[in-house]
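Just below is one structure, and these are the notes that go with it.
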Amino acid sequence: MLKGILKRRVRLDFVHRRDDARLAKLGYRSEFKRDFSVRPFTPLKSCGGLMLRLVFALTSVTTTFSFPLVTAGHIGMTIGWIIPSLFVLCVVLSMAELASAMPTSAGLYYFSAKLAPPKWAPMISWITAWTNVTGQILLVCSIDFTLAQMITTGIAVGSDGRVVLGPGPTFGILLALLASQAIVVPANSRFLARISVITGIVNVSTTIAVSIALIVLPGSERTPAKDAFGLLTNNSGWKSDGWAFVLSFTSAMWCLTGYDASAHISEELSDAARSAPVAIIAGVLGTQTLGLLLYIGASFASSNLQRILDSDLPMPMGQVYLDTFGKKGMLAVWSMCIFVGWVNGVTQSVDASRVTFAVARDNALPGSRWWKQIHPVTRTPVYAVWLVLAVSAVLGVIVWSDTALSSLAGATVVGLYTSYAVPILLRITSGHKNFKPGPFTLGRFSRPIGAIAVAWSFFADVMLLFPLNPRINSSQDMNFAVVIVVIVFTISALSWILSARKWFTGPIPNITADEIARSEARAASRDDEEDSSSVEKEIVRVRENSASEKE
């Protein structure tokens, strides 16, 4: 048994040396611990990278249920989830191919820099970096904003409607959530991997159980199957039912974001060139499957849409759970949703901080010398974490209104999917001939799949800028997504024109040629005899340590 454990340890060490050598060829020195994996080398950290953005469907669907409910009703909950899911898969496959070829925390903007024409590479990577960082931080803010609303909903139900918290206390809860995550997120990667694994298991089992219960428990009050999948009820204010149905895609598009997390933590992944694409694809497929199950359950349980629309609860799904499970059952499920949502916020903060660190490592952010620092104990970018959470708090103030979730969701999707589309577009155009695929490749299907991915991304960008209700009577009714997007693009464009174009050249290598050569030599120094010898030496060392402890 000891020999087997030590053999796995030696094998893991070789994999890490190979990962570090691949990273060195991309121009970066390894600075993180590789404590995330999708391979079964160690029991609890295995699949940590997979779980980092996997199957948070329970919280995501619960918090965005209002979008299909208002725009298209039952058909928005079911078909309105399936259609965007199919198109998103094209984006996912294209991104997985890029992550396999270039496994670095810099991710999307690094891909853009390497695939763009040399003359335009700095500017394109600059824009990609800013849109991706913006989208990542907005996603942190939107996750914690919806989590704050979930807590106020739970308080309202628990007090039988006697305690209804307004915007001020809700914002206070948002700040408290961000503060709690500021303590946890800087922890080492192994701890975060364990949290994500445990939460992923709890989340999957709870989502399946709740989905089945929503279908079974309503009994005779259940929505007929024909209506559950095909009835369109437009309460959005838009005259066109077709356009209202399209707007129901908002839920799926917000839920199916952030899957570039596995690319951004690739410097913390074991066997990153293979693990990153597996984690990206499996995570999205898991979210799509569980999200569809939960929406089917919600559609069957929502026989009286008007009652749910008229609910005083901040989140309509709370009314669905209350009607189906009763007060105690609803609060039990809601507590689970809040726990999973908090961990979701933690994992997204990890992702956003890694993107911020990577961009700062190439001096593309104001104050980069702070944000690119790695803490010597945790070996995580602590200052980058705090920056992400501080900016999230500020964004929460800016967009706070009755349509805050719509604004945050729209701006998040526009920021992230723009940063997804740019490197994919470059991959199928200017960078096609020079692209060197990694272990995961789409082969001859790369260009058609990439073309669909780019077209869908830009369509989603435009769609998410529209308000759910065209009747805008005050600023409280506006979708501020377009305002946020314009501000970010203006800042990034002006900073490029006035300053960055004079000094920013794209990703900056932080490793010397000698270090690259040594890293490659270490990765190539393993054969079967050395493997056996290393295991024997490790056994001798362990036995000597045990003997000295007994003495």
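Listing for the model above:
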quantity	calculated
Computed label-point distance, nm, for sites His432 and Val163 using a 7 Å Cα→Cβ extension	6.1 nm
Vicinal HN-Hα couplings computed from phi for segment 196-212 (Karplus, 6.51 cos²θ - 1.76 cosθ + 1.60; Hz; Gly/Pro x)	5, 5, 4, 5, x, 5, 4, 5, 4, 5, 5, 4, 5, 5, 5, 4, 5
Pairwise label distance in nanometres, Lys502 with Asp312, each label 7 Å out on the Cα-Cβ vector	6.0 nm
Burial order of peptide ranges 249-255, 487-493, 99-105 (average beta-carbon count within 10 Å, highest first)	249-255, 99-105, 487-493
Accessible-area composition of segment 102-212, carbon plus sulfur, in percent [1.4 Å probe]	74 percent
Segments 110-119, 200-209 sorted - mean Cβ within 10 Å per residue, highest first	110-119, 200-209
Pairwise FRET efficiency - Trp243 versus Ala451, Cβ, R0 = 30 Å, nearest 0.05	0.75
Interchain or long-range residues, amide H under 5 Å from Ser302's placed H	Thr223
Apportionment of accessible area to carbon and sulfur, segment 261-403, percent (1.4 Å)	64 percent
Probe 1.4 Å, protein heavy atoms only - accessible area per residue of segment 428-515 in square angstrom	60 Å²
Whole-Hz couplings from phi, Karplus 6.51/-1.76/1.60, listed for segment 140-156; x for Gly and Pro	4, 4, 5, 5, 6, 5, 5, 5, 4, 5, 5, 5, 5, 5, x, 5, 4
Estimated inter-spin distance, Leu86 and Ser180, nm [label 7 Å along Cα→Cβ]	4.0 nm
For segment 492-502, Karplus couplings with θ = phi - 60° (6.51, -1.76, 1.60), whole Hz, Gly/Pro x	5, 5, 5, 5, 6, 5, 7, 9, 4, 4, 7
Linear extension gain, Ile491 paired with Ala390, 0.36 nm per residue minus alpha-carbon span	34.5 nm
For segment 321-376 and segment 414-441, distance of Cα centres in Å	26 Å
Average accessible surface area per residue within segment 145-210, 1.4 Å rolling probe, Å²	39 Å²
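The values are calculated or read from the model by the stated rules, or taken from the named source; none is laboratory data. Everything numeric in this text was worked out from a predicted model, so none of it was measured. Note: ideal-geometry Cβ built from the backbone for every residue, glycine included; neighbour counts use all protein chains shown. Heads up: the accessible areas ignore ligands, DNA and RNA and are worked out on the full protein's heavy atoms, side chains in. Shrake-Rupley method; radii C 1.70, N 1.55, O 1.52, S 1.80 Å.
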